[in-house]
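Scroll down for the structure; my scribbles are underneath it.
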Ligand code: HEM
Ligand SMILES: [Cu+2]
């Protein structure tokens, strides 16, 4: 299936990018950005995840079915987060009768 | 002895002998039998805990065991039955054995992984068993925090590790099935020619692969908090206990469909075979399995209506819960429509299938009561809930399992079970079941809380009825255990297709040859096409 094999150079570059991103996460942790600390850390993490999936796990060159599996998994994570936040973000929004 | 004179045909059971040929086997059929032996042991272990619970509940006082012991009993009952019996029950035994055969494959896609998944279940089981012998666990099978992370002085860690390991067994089985269904179908076996048993297992596998990792993560977080006091769930450490319930039920509501979907697949096969008609609305029944799997992930909050979950989220989850009932109802109506003008015979598997339909319907409809916010506040954490899920899990899933076991027993072992005894035990189980669990609906509605062993005297009559039913049920379960083992030696020799069924598994000898089929089957018909079977029967004589 995956006749495409990336060159060693590509792998090294991706690896370097991952290391840089890790250093960036560490560096940002020392700066106080208020609530944005989390946002920045997560954004970097998502980029790293994409690099690993697309290059190291060959999703870039895989079949539609493989991509569907990846997409499905992300969607399920989305369900978990969305529905949990549906509770968390609306606590106390509606009154409880009799209380 | 005619059989002795004939050279014995080689099949998967006599192809090799010795303990090593079993413990290192990569044959999906033998692995299915290994699983069968394992889960049977766990079933009787879980049954022993249930027996003690029911005996304790004979009287309003707590006179047999202390409160602490009682807490451990219902916890160990739930943990054993759910994680080590029901989750693996049909997929890992009947699914393992028959899914490849039904699509005309020689084995699962990853035979070694299949063996590994059995070992994982055994190792996980041993961890939990160790915890039980060492002193037990008392958190309930639900491990609610912060009790499980900060207060319980019992063997939470060993049990959780056991469930964690067994979870990977479940994930690997699901993965194996998905890949097998995608890549190993025989020529001509298109998606819409697959038996509904296979569709049901496809849907089940999706849940196992998508849901179980979340359970694993959740249990790890519990361990982190319990061992290293990292604040995740305990408010005293800055955590949120309701977060645990979200994570736990994100897996555990879909998990109830891991238990029931395979049983629905079995029932589809049985209903079709014993009314000699294709399943009415095949496509609808196939898709309803998949939609149950997907919708099942959107309703978990119905277990948390009184957990301080927000009222708005409660309304959303309540609303969505009603949707899951639609595909379930589609199945029930289509099975019933299949019976219409069918040529029905009342063999034992069919009795179990009828039992399933009736009891699952009651369990499902009471699920709708519970999904209704206002009613749930009244009956949550009472025996009404206990009755609800036992109607589905015992009345539904175990009936499906026993029905399937009888249906395929001739194929698995090459022997028939004794029909008279089998019918008697099916009837005993049905009566015993209803006597055990119907009174629990009333008890719960009247206010008997679950997980208590001391109760007001006015509840005693109903509790005594329930315990009486449980003893009938126990007898009902012992009889098949005895005659099935008996039949291995003394049962009538089974022919290749004793029921005149249509699946590919019936087109090969009983018991099947080592590689299932002497030559790869080529599929030219839809599933459940009885005209071809009739022709074959006429040809053979
Ligand atoms: C027809 C769809 C179903 C609906 C709408 C439904 C609804 C519910 C609700 C609302 C509860 C929570 C009750 C409470 O704790 O107050 C519940 C509990 C439960 N249900 Fe169902 N249910 C359905 C099907 C099933 C199935 C198919 C199974 C099992 C195979 C099942 C097993 C359970 C279990 C084990 C519990 C109790 C969990 C616990 O707290 O220990 N349910 N159900
Ligand atoms: Cu549920």
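Worth a mention:
One line per residue, one yes/no per condition, for (1) touching a strand residue (DSSP E or B) at 6+ places or on another chain (Cβ under 7 Å); (2) within 12 Å of chain B (Cβ to nearest Cβ); (3) without any contact (Cβ under 8 Å) to a residue 24 or more places away in the chain:
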residue: A:42; (1), (2), (3): no, no, yes
residue: A:46; (1), (2), (3): no, no, yes
residue: A:50; (1), (2), (3): no, no, yes
residue: A:56; (1), (2), (3): no, no, no
residue: A:62; (1), (2), (3): no, no, no
residue: A:70; (1), (2), (3): no, no, yes
residue: A:75; (1), (2), (3): no, yes, yes
residue: A:79; (1), (2), (3): no, yes, yes
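- Residue match in the stretch B:263-286 (condition: more than 16 Å from ligand 1 (Cβ to nearest atom) and farther than 26 Å from residue B:400 by Cβ): no
- Test for residue B:244: is it touching a residue at least 12 places away in the same chain (Cβ under 8 Å) and within 17 Å of residue B:218 (Cβ to Cβ): yes
- Of B:365, B:339, B:359, all but one fail to be away from ligand 2 (no atom under 16 Å from the Cβ) and closer than 20 Å to residue B:387 by Cβ; the exception is B:359.
- Every residue from the stretch B:297-338 that is under 20 Å from the mean Cα position of the chain (by Cα), within 13 Å of ligand 1 (Cβ to nearest atom) and farther than 20 Å from residue A:85 by Cβ: B:324, B:325, B:327, B:328, B:329, B:331, B:332
- Criterion (in contact (Cβ under 8 Å) with a residue 40 or more places away in the chain, in contact with a helix residue (DSSP H, G or I) (Cβ under 8 Å, 6 or more places away or on another chain) and surrounded by fewer than 18 Cβ atoms within 10 Å (Cβ to Cβ)) met by exactly one of B:290, B:299: B:290
- No other residue among B:429, B:392 is within 16 Å of ligand 1 (Cβ to nearest atom) and more than 14 Å from chain A (Cβ to nearest Cβ) apart from B:392.
- A single member of B:262, B:254 is under 15 Å from residue B:203 (Cα atoms), within 22 Å of the chain's Cα centre (by Cα) and more than 14 Å from chain A (Cβ to nearest Cβ), and it is B:262.
- In summary, helices (runs of 4 or more DSSP H) completely within the stretch B:15-82 and bearing 2 or more residues that are modelled with pLDDT of 95 or more and over 30 Å from residue B:99 (Cβ atoms) occur at B:28-56, B:67-79.
- For residue B:105, the conditions (1) surrounded by fewer than 23 Cβ atoms within 10 Å (Cβ to Cβ); (2) outside any helix (DSSP H, G or I) all hold with the exception of (1).
- In the stretch B:349-374, the residues that are within 13 Å of residue B:429 (Cβ to Cβ) form Cβ pairs under 9 Å with partners that are within 16 Å of ligand 2 (Cβ to nearest atom), at six or more places apart or across chains, as follows: B:355/B:396; B:356/B:396; B:356/B:397; B:359/B:391; B:359/B:392; B:359/B:396.
- Yes/no for residue B:215 being within 14 Å of chain A (Cβ to nearest Cβ), free of Cβ contacts under 8 Å to residues at least 12 places away in the same chain and part of a helix (DSSP H, G or I): no
The rows are residues; the columns are (1) out of contact with any helix residue (DSSP H, G or I) (no Cβ under 8 Å at 6 or more places or on another chain); (2) part of a helix (DSSP H, G or I).
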| site | (1), (2) |
| --- | --- |
| B:95 | no, yes |
| B:109 | no, no |
| B:118 | no, yes |
| B:123 | no, yes |
| B:133 | yes, yes |
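- Given (1) more than 13 Å from every other protein chain (Cβ to nearest Cβ); (2) away from ligand 2 (no atom under 16 Å from the Cβ); (3) under 25 Å from residue B:310 (Cα atoms), index of the condition residue B:228 fails: (3)
- Selection within the stretch B:406-448: residues that are within 26 Å of the chain's Cα centre (by Cα) and not in a helix (DSSP H, G or I). The member of this set that is farthest from residue B:96 (Cα to Cα) is B:418.
The values are calculated or read from the model by the stated rules, or taken from the named source; none is laboratory data. Just so it is clear, the model here is predicted, and its values are computed rather than measured. Cβ coordinates were reconstructed from backbone atoms using ideal geometry, including for glycine residues, and neighbour counts include every protein chain displayed.
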